[in-house]
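The values are calculated or read from the model by the stated rules, or taken from the named source; none is laboratory data. Keep in mind the model is a prediction, meaning the values are calculated, not measured. In this analysis, Cβ positions are derived from the backbone assuming ideal geometry, glycine residues included, and neighbour counts consider all displayed protein chains. Keep in mind that these areas ignore ligands, DNA and RNA; they rest on the heavy atoms of the full protein, side chains included. Shrake-Rupley method; radii C 1.70, N 1.55, O 1.52, S 1.80 Å.
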Amino acid sequence: MKEVYNNILVRLDGKKFFIFTFLLLFFFGVILSLIFNPFHSSLSTLVISEKRTEIILPRGNKLLKGNKLSGEFNAKENNLGIVYIKFSNIPRVDLSKEDSLIFRIKKKGQKYWISANKYKSGIISNNLFFPFGFPKVHNSKNKTFEFELVSLNGNKSNSVEIDNGWFAFAAGYQIPKNEILKVGTAPFLFIFKKVVASFENIYFVLNSIIFFLPVFYYIFWKTFLKRFIGYRYIFGNLSLFLVVVDILFLRDIYSGVLFGIFGLWIVSVIYYKFNYTISIIISFLLILLSVFLLNFNKNYSVDKLSVWAYMFLLLGVAESIYQFVKPYENAVNFKDFISGNFKFIQRR
């Protein structure tokens with residue numbers, strides 16, 4: 001196997017090698033996303049996002065006692081068996097104080113519900129798509145379904161909150177494996193549908209970024225990094241700018257986004273020879289900002305700030321140990337970093 005791979009590399013040159021490596025890394029990114037993305041329960045489940053306009057949220061997006069979330073959608077495939085709903089805030093209370101939720105679904109126009117199941121609010125995780133399962137409807141394609149999520153005991157302290165972001169809800173179709181593995185085009189058609197349906201969902205894409213980091217850094221290195229890294233602290237500044245964007249505009253914590261941006265900061269630290277004090281001071285500033293935001297009850301911002309503060313502090317400690325053993329010559333301290341950027345702006 002190794003000899004075959006080496007023969008391929010010998011025959012590939014320049015642009016061909018670049019394209020080959022890009023396609024290989026991209027292919028592995030797609031495969032790993034479909035296998036390990038937390039949004040999907042199994043490879044044989046086809047998850048298709050539905051329109052935001054097809055769901056009616058309770059007042060204030062919170063499910064208080066007697067309130068309900070309701071929605072309807074037209075099934076795109078047979079074997080409908082799951083409805084995914086994304087929650088944004090699940091209070092942690094004692095088991096005895098948790099809310100009880102009823103999820104039910106039926107074909108539109110029918111009197112009786114296909115299924116009605118009871119759930120304790122404590123089993124729903126923050127910031128995740130929760131799958132409400134029910135017996136498969138084998139001939140569901142092109143039929144319209146209605147569903148409801150009703151609170152039995154919701155109050156100000158235990159009520160769950162529905163996410164009101166880009167995502168509305170999704171329908172899950174549990175395709176039998178014997179249908180997927182039929183001889184002919186069936187496997188390829190299923191894979192195509194799986195990829196298209198998955199990457200249409202912005203949350204799936206954000207959760208999958210971590211699997212595309214190798215191809216991202218490969219492209220980044222071959223194009224922008226080698227060409228622009230010599231500019232005055234450009235990638236250090238870009239890293240910090242992306243941290244701010246992540247904190248302000250992405251409510252949830254996505255490991256791919258986190259490690260992607262932080263990897264760029266690590267490259268900057270190594271190339272520009274940043275002193276460890278820069279990472280530690282940035283961590284300290286983020287901690288101060290999180291303490292300030294606590295007074296305004298900005299839970300999401302505080303959570304995100306805490307994660308970033310920890311990452312910068314951890315790197316700063318690791319840098320201090322390394323630089324103690326092997327000090328940088330002409331290391332850039334925090335004052336140099338700020339003044340260097342200021343001088344660069346003045347020259348521009």
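Data overview
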{"read-out": "Residues of the stretch 300-348 classified as open to solvent by 80 Å² or more (accessible area, probe 1.4 Å), modelled with pLDDT under 80 and closer than 23 Å to Val244 by Cα, total", "value": "4"}
{"read-out": "Per-region count, the stretch 277-299, residues among the aliphatic types (A, V, I, L, M) and either open to solvent by less than 30 Å² (accessible area, probe 1.4 Å) or modelled with pLDDT of 90 or more (or both)", "value": "6"}
{"read-out": "Test: Ile234 is among the β-branched types (Val, Ile, Thr) and either under 30 Å from Asn79 (Cα atoms) or touching a residue at least 24 places away in the same chain (Cβ under 8 Å) (or both)", "value": "no"}
{"read-out": "Residue list for the stretch 172-183, filter: more than 12 Å from Lys136 (Cβ to Cβ) and either in contact with a His (Cβ under 6 Å, 6 or more places away or on another chain) or touching a residue at least 24 places away in the same chain (Cβ under 8 Å) (or both)", "value": "Lys177, Ile180"}
{"read-out": "Those residues of the stretch 38-68 which are among the aliphatic types (A, V, I, L, M), at pLDDT 85 or above and part of a loop (DSSP other than H, G, I, E, B), in sequence order", "value": "Leu63, Leu64"}
{"read-out": "Test: residue in the stretch 184-193 that is open to solvent by less than 90 Å² (accessible area, probe 1.4 Å), touching a residue at least 40 places away in the same chain (Cβ under 8 Å) and closer than 23 Å to Leu57 by Cβ", "value": "no"}
{"read-out": "Test: residue in the stretch 266-276 that is under 20 Å from Phe211 (Cα atoms), assigned to a helix (DSSP H, G or I) and either modelled with pLDDT under 85 or out of contact with any Gly (no Cβ under 7 Å at 6 or more places or on another chain) (or both)", "value": "yes"}
{"read-out": "Residue identified as closer than 28 Å to Ile35 by Cα, in contact (Cβ under 8 Å) with a residue 12 or more places away in the chain and touching a Gly at 6+ places or on another chain (Cβ under 9 Å) among Gly122, Gly66, Gly81", "value": "Gly81"}
{"read-out": "Evaluation of Phe262 against (1) open to solvent by less than 70 Å² (accessible area, probe 1.4 Å); (2) without any contact (Cβ under 8 Å) to a residue 24 or more places away in the chain (one fails), failing number", "value": "(2)"}
{"read-out": "Filter result for the condition that a residue is farther than 25 Å from Gly260 by Cα, out of contact with any Gly (no Cβ under 8 Å at 6 or more places or on another chain) and either modelled with pLDDT of 85 or more or not in a strand (DSSP E or B) (or both), over Val205, Val183", "value": "Val183"}
{"read-out": "Qualifying residue in the stretch 226-240 (condition: surrounded by 17 or more Cβ atoms within 10 Å (Cβ to Cβ), within 30 Å of Ile85 (Cα to Cα) and not aromatic (Phe, Trp, Tyr))", "value": "no"}
